[in-house]
Each structure stands twice: as structure tokens, then as C-alpha cells.
Amino acid sequence: MSKKQFLLVLLFFSLLPSLALALTPGQRIHLFSGQDLNGKTIDMSRLVGKKPVMLVFWASWCPSCREEVPKINRLYEKYRDQGMEFIGINVGYNDSVAKARAFVKKTGMAYPVIFDKRGRISKMFAVQGVPTVFVTDRNGVVRFKNYGLPTMSEQDFRQLLAN
């Protein structure tokens, strides 16, 4: 076995545990709570069963995250009053609360943000890269997962909000 093949096998097996934990559409999300950047507690157990939720995992150093904010802000403006909850989660990796706050201010991020200082929430969701977006129905079942903006239709959103 060549060195390159060995490294690929090693990489595959090192990722296996987190891939096994990765949530996929049809699975229920893990419940968590945390404080947003303003000190308000966000508790998923209070949202599941009541509202569909979009979780947006991001980092201040991520160029793609910066590009996604205006798009997600538009979804937030369109669907929050119809009953959908939006939560940003800064993954905490190679980041700080100060950098997260500056990013939120600079990009005009409209939805609340949790700073995942120890990466606990990111590990629960087996986040491998940013931005990672999960959209759940009101029962906490993942209906969409992707890197970046959801490729969901207007009808998909209406169905989430109606059920």
C-alpha cells in the first residue's frame, strides 16, 4: 500500500465516527440550549413541537458564510412572521465572541446567534464545514441539510409552515 493510499484509508476511518453521527433528512435533531450574543437563552426543547427551525452553522473567517447571510436574511424576513425560527450558530473553531459580533454587525445578520465556544453543538450535529444549514419541521425532523442556502421551493417552505 502506498503512502497516499494509506493516508486516504486513515482519513476515511478517522471521519467514520463523525459521519455515523451526522444527521440526515428524516432524522430528529438533537436538542440543545445556549445563549445568544445578547445573553438570551435559546432552548430547542421549547421550539421543537411548535415551529420549523433553520439552523445555520457559520464562522467569521468563512467567505462563503459572508455570502450566505443576505440570502438567509431574506428568508428570515419572509418566513419569521409566518412562524419559522432562525438560529445562527458560530462553530467557535478558530473564532471569538468579539469576531462573531463584528461579523454579525458587518453582514447585518438579522437572526439570533449562539457562540458555540467549545464546539459542543457543532459536534452534536457532526458539522464538517461551514456554512452548514439544517431545516427542520415543527417536530424537529430534518427536512433539509446542505452546505449553504437551502435549495427549497416556496412550496416546501409553505408545507413546513402549514404542518
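Where a number appears in this text, it was derived from the coordinates with a stated rule and is not lab data. Quantities reported herein were computed from a predicted structural model and do not represent experimental measurements. Every residue, glycine among them, receives a Cβ derived from its backbone with ideal geometry; neighbour counts consider all protein chains shown.
Which FRET efficiency value, to the nearest 0.05, do you get for residue 128 and residue 77 by plugging their Cβ-Cβ distance into 1/(1 + (r/R0)^6) with R0 = 35 Å?
Computed FRET efficiency for residue 128 and residue 77 comes out at 0.75.
Could you put 124, 84, 109 in order, starting from the residue whose Cβ has the fewest other Cβ atoms within 10 Å?
124, 84, 109
Would you mind finding the longest exposed-site-free stretch of the chain, with exposed chymotrypsin sites (Phe, Trp or Tyr not before Pro) meaning DSSP loop and at most 15 other Cβ atoms within 10 Å?
1-60
Where does the longest stretch of the chain lie that holds no trypsin sites (Lys or Arg not before Pro) found in a DSSP loop with 12 or fewer other Cβ atoms within 10 Å?
Counting at most 12 other Cβ atoms within 10 Å as exposed, the longest clean stretch of the chain is 51-117.
Give the angle, between 0 and 90 degrees and rounded to the nearest 10, that separates the Cα long axis of helix 63-79 from the longest principal axis of the Cα atoms of the chain.
30 degrees
Determine the gain in length on full extension of the stretch residue 98-residue 118; use 0.36 nm per residue of separation and subtract their C-alpha separation, reporting nm with one decimal.
Full extension from residue 98 to residue 118 adds 5.7 nm.
Could you point to the residue in 152, 98, 131 farthest towards the positive end of the range 24-162's charge dipole, with +1 and -1 charges on the Cβ of Lys/Arg and Asp/Glu respectively?
Going by the charge dipole, the pick is 98.
Pull out a ≥ b ≥ c, the square roots of the eigenvalues of the alpha-carbon gyration tensor of the range 27-163, then state rounded if a/c is under 1.5, prolate if not and a/b is larger than b/c, and oblate in the remaining case.
Cα axes put the range 27-163 in the prolate bin.
Mean separation of Cα pairs under 8 Å and 6+ residues apart, divided by the residue count of the range 24-162: what relative contact order is that in percent?
Relative contact order comes out at 35 percent.
Rounding to the nearest 10 and keeping the result within 0 to 90°, find how far the Cα-based axis of helix 3-21 lies from the longest principal axis of the chain.
30 degrees
Report, to the nearest 10°, how far helix 97-107 tilts away from the longest principal axis of the Cα atoms in the chain, using its own Cα long axis and a range of 0 to 90°.
The angle comes out near 60 degrees.
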